[in-house]
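All remarks here apply to the structure that follows.
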Amino acid sequence: MGTGLIDDYVTDLGSRLQGSRRQVRDLLTETRDSLSDAVEAHLDRGLDEEAAQRKAVEEFGPVREIAGEYQAELAVAYGARTLALLAVVLPVMHALWEMGRMYFIGPWQDFGGPVPSWYMWVAKANDMTSGVSAGIALVALVLGRVLARRFDAQLLARLAASVALLSLLVVVLGNVAILGATWGLDPQRLVQSFPMSVASFATWAVIVRLGLLARRCLSCATIVV
């Protein structure tokens with residue numbers, strides 16, 4: 001059975017979608033299977049190949065309309081995945097870094113000698129950022145699932161992306177604050193042991209990676225198909 005019109009339709013649809021490659025592929029496979037089944041049904045009714053394909057495509061719906069529905073679904077799924085990653089990765093990352101700090105550096109109050117009270121305040125605030133951000137992401141994830149049937153999928157996806165970016169911003173501000181406070185206290189204290197330098201680099205690499213995911217999440221939610 002020829003599939004010229006179906007191939008064109010699926011190719012056009014795929015070019016308009018953005019999201020998880022696996023989910024896009026699955027949606028396109030489902031679309032192709034549905035169209036092929038419709039063509040078979042029309043062939044059984046006596047239509048020729050080209051007419052059957054054209055009829056199947058017309059019944060399935062305009063590419064732009066279907067792409068809009070699919071993109072909303074993809075954006076919500078990508079947003080949920082990003083929030084779930086934030087809820088898990090941020091506290092794990094912070095816990096690992098804290099274990100390294102306690103082993104190689106020690107308590108903040110003993111960090112290179114006595115520190116003023118304001119420095120301790122900044123250090124404790126920074127320690128809280130990962131937990132707070134993970135909590136925000138988790139609450140948003142739960143609320144998104146509860147409200148999924150009441151609100152527009154595209155709106156929920158945009159909210160998920162915004163929450164993800166906000167959560168990461170909190171973590172970044174905490175890290176920047178402790179770096180700035182340490183520099184203001186004593187720049188020499190920024191020189192860490194090799195293991196902690198690697199841990200700090202890994203922390204920032206994870207933050208950047210999560211930031212890229214959050215940015216792509218927003219892109220998926222705002223794309224015009």
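Using a Förster distance of 22 angstrom, determine the FRET efficiency expected from the C-beta separation of residue 206 and residue 143, and round it to 0.05.
Values: r = 25 Å, r/R0 = 1.14.
For R0 = 22 Å, the calculated efficiency reads 0.30.
What is the packing order of peptides 170-178, 144-152, taking the mean over residues of other C-beta atoms within 10 Å and listing the highest first?
Details: 170-178: 16.9, 144-152: 11.1.
The densest-packed peptide leads the list: 170-178, 144-152.
Measure off 7 Å from each Cα along the Cα-to-Cβ vector at residue 118 and residue 30, then give the distance between these two points in nanometres to one decimal.
Here the modelled spin labels are 5.7 nm apart.
From the backbone phi of the range 44-56, what are the Karplus-calculated ³J(HN,Hα) couplings (6.51 cos²θ - 1.76 cosθ + 1.60, θ = phi - 60°) in whole Hz, Gly and Pro given as x?
Using θ = phi - 60°, the values come out as 5, 8, x, 6, 7, 4, 5, 5, 5, 5, 4, 5, 4 Hz.
How much length, in nm to one decimal, is gained on full extension between residue 99 and residue 215, taken as 0.36 nm per residue of separation minus their Cα-Cα distance? Could you put the intermediate results ahead of the total?
Numbers: separation 116, 0.36 × 116 = 41.76 nm, distance 2.99 nm.
Taking residue 99 through residue 215 to full extension adds about 38.8 nm, to one decimal.
Run a plain Debye calculation on the range 11-101 (Cα atoms as equal point scatterers, no solvent) and give log10 I(q)/I(0) at q = 0.24, 0.26 Å⁻¹, rounded to two decimals, same order as the q list.
-1.11, -1.20
Over all directions, the average projected area of the alpha-carbon convex hull for the range 4-61 comes to how many nm²? Each step should come with its number before you reach the end.
On the way: hull surface 14.5 nm².
Here the figure is 3.6 nm², rounded to one decimal.
Over the chain, what is the relative contact order in whole percent, taking alpha-carbon pairs under 8 Å and six or more residues apart? It would help to have the intermediate numbers written out before the result.
On the way: 223 pairs, mean separation 61.2, N = 225.
Relative contact order comes out at 27 percent.
Enumerate the whole-percent occupancy of each 10 Å bin, from 0 to the last occupied one, for all C-alpha pair distances of the range 74-222.
Percent of Cα pairs in each bin: 11, 38, 27, 16, 7, 1.
Readers should treat all values here as calculations from the given coordinates under stated rules, not as data from a laboratory. Worth saying up front: this structure is predicted, and the values here are computed from it rather than measured. Positions of Cβ are generated from backbone atoms using ideal geometry, with glycine treated the same way; all protein chains shown enter the neighbour counts.
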